[in-house]
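The structure appears right after this line, and notes come after that.
The values are calculated or read from the model by the stated rules, or taken from the named source; none is laboratory data. All values reported here derive from a predicted model rather than from experimental measurement. So basically every Cβ, Gly included, is an ideal-geometry build from the backbone, and we count neighbours across all protein chains shown. Protein only, heavy atoms only, side chains kept; ligands, DNA and RNA dropped before computing areas. Shrake-Rupley method; radii C 1.70, N 1.55, O 1.52, S 1.80 Å.
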Amino acid sequence: MVPRYSRPDMVAIWTPEARFKIWFEIEAHATDALAELGVVPKEAAAAIWEKGAFEVDRIDEIERETKHDVIAFLTNVAEHVGPEARFMHQGMTSSDVLDTCLAVQLAKASDILIADLDALLVVLERGAREHKMTPTIGRSHGIHAEPVTFGLKLAQAHAEFARNRARLVAAREDVATCAISGAVGTFANIDPFVEEYVAGKLGLSVEPVSTQVIPRDRHAMFFATLGVIASSIERLATEVRHLQRTEVLEAEEFFSPGQKGSSAMPHKRNPVLTENLTGLARMVRGYVTPAMENVALWHERDISHSSVERYIGPDATITLDFALARLTGVMDKLVVYPERMLKNLNKMGGLVHSQRVLLALTQAGVSREDAYRLVQRNAMKVWDSDGALSLLELLKADPEVTLSDAELEDKFDLGYHLKHVDTIFARVFGAA
């Protein structure tokens, strides 16, 4: 975890204090359930809640001797609870505590990330509606293609992040599972009721077959979902970076008063935030492969996954939380230049309307091959002139082009390309 790329609410989930607090709740709730079953005295269960406490430094001290974190924790709690502490952890194994705790932490992290996505979706929808009919050039392979609107670009991003939200909700449900099943997951020494009880208290579902550890396919899907969200962040960030290039300059990150873009060149206004987002996305995706490799554990349990998750649990969620918040800020303050968009759209002498002419010629009886040849022949003249020539005027002057001047002029109407914007918006945002 890098403080520079962290926000306090997400960081708080992963602190030692937060982790041990969840451990304590798991143990205390489990003891309550055992008391209901008559396995342990109810007075002992009550004493754990009343007297139970821990100190992180003391746990660390004990662990240096025991080389076992859960035993160190139980020993420290017992120092506060007294003799009744012997009824804690009855029939349980360390994985019951560790895996259930991780499920709670990932569920809490998911809630923050879902809220992050909600905030981003609000900003994207606002921008999409504001620029719903702001014409701009669509590009394929980085080359001018046909007109779109800037609102459509933002609507696409909104639809993508809405899908990501749905994926994360599903991943949260999948990973929020409780296992209190004892050694090798057979419930031999602890009743399944305890698992159901603890799961209910912590807002988790019951793991059907835990094999002592919760199967890591759940975690693999969770971190894969974070990786997909990170890729969507990078996609939108890359779009902003391209639009901010000097020769394009259709939109740019907000440049605050007093901000500096370069230590050497005072004129620079660099897309540093979206470049940063590109890098952060790479980091989040980097945690996906270790999560996938964690799935293949030995038999009923090993701990090869443990060290991995101590890294990727905090780092992936903290980094993604920061990245989503940063992207929301970028899109909220994005500076948009509609005039530059229109200027760029018209830069190449009307080439963006070539398909309409092609189709009109085929409708007028010209073969597709001949129609393509006629339009391309004139389009290449415009291309070679860097837009100085007009495709419309060249087509009017071409004796092989059988369309009238009025018919040709009709094919260069910008509004034609925007006639289904409302339909697309209704698909993304619902009926007006």
**OP:** Filter the stretch 1-50 down to the residues that are acidic (D, E) and farther than 20 Å from Y311 by Cα, then identify the one that is surrounded by the most Cβ atoms within 10 Å (Cβ to Cβ).
**Re:** E27
Original post:
Consider I303 against the criteria (1) within 24 Å of the chain's Cα centre (by Cα); (2) modelled with pLDDT under 95: it satisfies all of them except one. Which criterion is unmet?
Top reply: (1)
Subject >> Residues of the stretch 330-371 satisfying the condition of being charged (D, E, K, R) and surrounded by 15 or more Cβ atoms within 10 Å (Cβ to Cβ) >> reply: D332, R340, R356
Original post:
Can you pull out the residues in the stretch 138-158 that are surrounded by fewer than 17 Cβ atoms within 10 Å (Cβ to Cβ) and not in a strand (DSSP E or B)?
Top reply: H141, G142
Original post:
For the stretch 386-402, what are the residues that are surrounded by 18 or more Cβ atoms within 10 Å (Cβ to Cβ) and outside any loop (DSSP other than H, G, I, E, B)?
Top reply: L391, L392, L394, L395
Original post:
So which residues in the stretch 397-432 are more than 25 Å from V357 (Cα to Cα) and not aliphatic (A, V, I, L, M)?
Top reply: F425, R427, F429, G430
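Yes/no per residue for (1) open to solvent by less than 40 Å² (accessible area, probe 1.4 Å); (2) of a type in the set (A, V, I, L, M, F, W, C):
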position: G200; (1), (2): no, no
position: V213; (1), (2): yes, yes
position: A220; (1), (2): yes, yes
position: E252; (1), (2): yes, no
position: P257; (1), (2): no, no
position: K268; (1), (2): no, no
position: R301; (1), (2): no, no
Original post:
Of all residues in the stretch 60-77, how many are out of contact with any Ser or Thr (no Cβ under 7 Å at 6 or more places or on another chain), crowded, with 18+ Cβ neighbours inside 10 Å and of a type outside the set (D, E)?
Top reply: 5
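This table checks each residue for (1) within 30 Å of H89 (Cβ to Cβ); (2) buried (at least 20 other Cβ atoms within 10 Å of the Cβ).
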| position | (1), (2) |
| --- | --- |
| A119 | no, no |
| E125 | no, no |
| T136 | no, yes |
| F193 | yes, no |
Subject >> Condition met for L327 (under 30 Å from S95 (Cβ atoms), in a helix (DSSP H, G or I), touching a helix residue (DSSP H, G or I) at 6+ places or on another chain (Cβ under 6 Å) and open to solvent by less than 10 Å² (accessible area, probe 1.4 Å)) >> reply: no
